[in-house]
Amino acid sequence: MRSIGMLAGILGGMMFLSGCYGGGGTRRTFDGGGAGPRGLAGAPAVSFDVPALHGPSDSLAAYRGKIVVMNLWATWCPPCKEEMPDLQRFYAAYKSKGVVVLGIDQGESAGVVGAFTKQYGVTFPVLLDDDQQYGRAYAAVGLPTTVVVDRSGHISAGIDGLLTLAQMRQAIAPALAAR
Amino acid sequence: MSDRFALVVLALAAIAATLAQDVVPGLDAYHSWPYATGLAFGAVVLLAAAWRALRSGRSGARRFAFALAGALTVTVGGLASGLLGPDTITVRGTPGTVTPVPDLGVAAFFGQTDAAGIAAGSAAITLRSRTAAPVDIEPGHPVYGSVSVQYLLPAPAAFIDAHDAHGNHLTITQPQGSAFLSPILLFPGDQPIHGKTYPIDTFAVPAFARIVRTLYFSAADTKLFPRADFKGPIVLFSMTAEDGRELGLTIAQSQKPVTLGDVTLEATLGTYPRLAVASAPPLAASSIGIAAFVAGLGALSMARRKRIESAEISPTA
């Protein structure tokens, strides 16, 4: 009698536990991405070797030790065109302070990008990201996208959309202040 | 049928039901009440039988109890994975991006890839957490956790290359996709045609103000086009201008350029993995349990053979 009671208890326990199972509707699918570049602050900055507009291949990693203002852009993007003169002015003003502006064109040919940079008087280094690897890795949700990388190679800020000269100064202030 | 034979059949059935979670992972059935109740019932019967055999004191019965305890270990592992293991989930990510997987307490790094990687279906996913070393998951090589298994599910993908009439490379964007700046389509949508659904995705060529809906047909699905003899998967491009004008549609085979609306498109078709997470019995419990089950039955069988042999040599009757 005692063993029957024990068996019933165990069976009841098992039945209770089985009730903890889902009802069969447990399959879920979800997508990554979509968070945008803001959420990247503090993360290590990833780098890819891609062709440079002038010269051999280049990458973000080549500028380690400097503060890098990485700007993802394209020639067909109106806000990128609007931002470009300020970006060039910013580069000229901060070059001597160990700050590099790195323009990374997304998916366009050297001829098109070269004509554009000539027209806008761009002198900072420009990379040609044919496979748009930087755009994916930095979670760009539009163009332009600006990512500030500090001297240690970590992302200090990720910003979606056009920046004014004043906003660029503000964006690099924390990285400049950190020694 | 003897009681012992019936118990061996029950033990084998319970082991098979548990190991099915490893062989065919991710089925909803593993989280259903009939599966759980079946395993629980099996576990109770095995426990009771093992206890009874152990208490009988005979050496043969003890060996049988050992075998049943092994089967019980496997079965309890199967129950535990259903209770404590994660729900079946599939995580879709764009190459080069990171997606948190809260069910596992990790971040999934979807490996970078290019057109060749899409064609080969060779991309991997790395799981990273603050507390453990990174775990690489490669196609065809599942990784087992305590009560879970992580594996890759190949899903249709296309790497899109676009050029203008002068051969200039053009940017691809996915304004509605999870990654805006990606030339890799992962086909998250479904398009019903004649009662069947086909993967669909959309991209834009902003330099030319073009929007392209892309429908993917696997090699098996190309029989929808009986007059054509396609050797592999194809895509159907349907292009509109941003102002809504229809610019036509065309079929493209992998790595064969087509021109539509002044844009030349080349799709490299293949697969890119999704991360699948499912409950699975603890590998250690399954291994130890099966070893004990086999060892117990083996010892029982050997003892019985010895007894028969000795009875044949020196008959007592």
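The values are calculated or read from the model by the stated rules, or taken from the named source; none is laboratory data. Just so it is clear, the structure is predicted and the values come from calculations on it, not from any experiment. Positions of Cβ are generated from backbone atoms using ideal geometry, with glycine treated the same way; all protein chains shown enter the neighbour counts. Note: areas computed on protein heavy atoms with side chains; ligands, DNA, RNA excluded. Shrake-Rupley method; radii C 1.70, N 1.55, O 1.52, S 1.80 Å.
Please give the residues from segment B:149-181 for which the solvent-accessible area of heavy atoms, probe 1.4 Å, is smaller by at least 40 Å² with all protein chains in place than with the chain isolated.
Residues losing area: B:168, B:169, B:171, B:178, B:180, B:181.
Report, in debye and to the nearest 20, how large the dipole of segment B:1-89 comes out about its Cα centre when Lys and Arg carry +1 and Asp and Glu carry -1 on their Cβ.
Details: 6 positive and 4 negative charges, 145 e Å.
Roughly 700 debye, rounded to the nearest 20.
Could you compute how much accessible area chains A and B hide from each other, both sides summed, with a 1.4 Å probe? Nearest 100 Å² is fine.
Details: alone 10280 and 16910 Å², together 23280 Å².
Buried area between the two chains comes out at roughly 3900 Å².
If I take every Cα pair under 8 Å that is 6 or more residues apart in chain B, average their sequence separation and divide by the length, what percent do I get for the relative contact order? It would help to have the intermediate numbers written out before the result.
Details: 629 pairs, mean separation 70.8, N = 317.
Contact order relative to length: 22 percent.
Please compute the contact order of segment B:235-317 in relative form: average sequence separation of alpha-carbon pairs under 8 Å and at least six residues apart, divided by the residue count, as a percent.
On the way: 56 pairs, mean separation 12.0, N = 83.
Answer for segment B:235-317 is 14 percent.
Over segment B:72-112, give the accessible area per residue in Å² for a 1.4 Å probe, as an integer.
Per residue, segment B:72-112 has an accessible area of 30 Å².
Taking the Cβ-Cβ separation of residue B:141 and residue A:118 as r and a Förster radius of 51 Å, what is the calculated FRET efficiency to the nearest 0.05?
On the way: r = 50 Å, r/R0 = 0.98.
Approximately 0.55, to the nearest 0.05.
May I ask for the net charge around residue B:257, where only other residues with Cβ less than 12 Å from the Cβ of residue B:257 are counted and Lys, Arg are +1 while Asp, Glu are -1? Please report the intermediate quantities before stating the final value.
Working: positive: B:256; negative: B:161, B:266.
Residues close to residue B:257 contribute a combined charge of -1.
Using +1 at the Cβ of each Lys and Arg and -1 at the Cβ of each Asp and Glu in segment B:172-288, identify which of B:228, B:209, B:248 lies farthest towards the dipole's positive end.
Highest projection toward the positive end goes to B:228.
Can you list residues from other chains, or at least 5 along the same chain, whose modelled amide H is less than 5 Å from the amide H of residue A:154?
Residues meeting the amide H criterion: A:45.
Return the equivalent ellipsoid semi-axes of the protein assembly as shown as a descending list in whole Å, where each equals the square root of 5 times an eigenvalue of the C-alpha gyration tensor. Spell out each step's value before the answer.
Values: eigenvalues 723, 151, 69 Å².
After scaling each eigenvalue by five and taking roots: 60, 27, 19 Å.
Please check: in the Gaussian network model of chain B (C-alpha springs, under 10 Å), which one of B:119, B:48, B:80 has the largest mean-square fluctuation.
B:48
Quick one: putting +1 on the C-beta of Lys and Arg, -1 on the C-beta of Asp and Glu, what dipole do you get for segment B:179-317 around its Cα centre, in Debye to the nearest 20?
Details: 13 positive and 11 negative charges, 148 e Å.
Result for segment B:179-317 is approximately 720 debye, rounded to the nearest 20.
Residues of A:101-113, mean number of Cβ from any other protein chain within 10 Å of their own Cβ, rounded to a whole number? Before the final figure, lay out the partial values.
Working: counts 0, 0, 0, 0, 2, 6, 13, 5, 7, 2, 4, 6, 2.
Neighbouring Cβ atoms belonging to other protein chains average 4 per residue here.
Helix-only mean residue ellipticity at 222 nm, the protein assembly as shown, DSSP H runs n ≥ 4 weighted -39,500 (n - 2.57), per residue, nearest 500. What is it? It would help to have the intermediate numbers written out before the result.
Numbers: 10 runs with 170 residues, N = 496.
Calculated at 222 nm, the ellipticity per residue is -11500 deg cm²/dmol.
Taking every alpha carbon pair in chain B, what does the distance histogram look like in 20 angstrom bins from 0, in percent?
26, 38, 24, 10, 2, 0
Can you tell which of B:36, B:69, B:132 shows the greatest fluctuation in a Gaussian network model of chain B with Cα springs below 10 Å?
Comparing B:36, B:69, B:132 in a Gaussian network model of chain B, the most mobile one is B:132.
Packing-wise, with mean Cβ within 10 Å as the measure, how do B:265-271, B:208-214 rank, highest first?
On the way: B:265-271: 22.9, B:208-214: 19.3.
The densest-packed peptide leads the list: B:265-271, B:208-214.
Give the long-range amide H neighbours of residue B:155: residues separated by 5 or more places, or on another chain, with amide H under 5 Å away, using H modelled in the peptide plane at 1.01 Å from N.
When sequence neighbours closer than 5 places are left aside, the close amide H contacts are B:272, B:274.
Apply the Karplus parameterisation 6.51 cos²θ - 1.76 cosθ + 1.60, with θ equal to phi minus 60°, to every residue of segment B:242-248 and state each ³J(HN,Hα) to the nearest whole Hz, in sequence, with x for glycine and proline.
Taking θ as phi minus 60°, the curve returns 5, 7, x, 5, 6, 10, x Hz for segment B:242-248.
Measuring from label point to label point, each 7 Å out along Cα→Cβ, what is the residue B:128 to residue B:58 span in nm?
Modelled inter-label distance: 6.2 nm.
Report the charge-dipole magnitude of the protein assembly as shown in Debye, nearest 20, computed about the Cα centre from +1 at each Lys and Arg Cβ and -1 at each Asp and Glu Cβ. Each step should come with its number before you reach the end.
Numbers: 37 positive and 34 negative charges, 483 e Å.
The calculation lands at about 2320 debye.
Can you name the helices of chain B, as whole DSSP H runs, whose Cα span along the helix axis is 20 Å or more and whose Kyte-Doolittle mean is not below 1.0?
Details: long enough: B:3-23 (29 Å, 1.52); B:33-56 (34 Å, 0.96); B:59-84 (37 Å, 1.15); B:283-313 (45 Å, 0.77).
What comes out of the filter, once short or polar helices are dropped, is B:3-23, B:59-84.
In whole Hz and in residue order, list the ³J(HN,Hα) couplings for segment B:133-150 that follow from phi through the Karplus curve 6.51 cos²θ - 1.76 cosθ + 1.60, θ = phi - 60°; x for Gly and Pro.
Along segment B:133-150, the couplings run 5, x, 10, 8, 10, 10, x, x, 10, x, 10, 9, x, 5, 10, 8, 9, 10 Hz.
Whenever you get a sec, compute what percent of the accessible area on the protein assembly as shown sits on carbon and sulfur atoms (1.4 Å probe).
Numbers: 13870 of 23280 Å².
Ligands and nucleic acids excluded, carbon and sulfur reach 60 percent.
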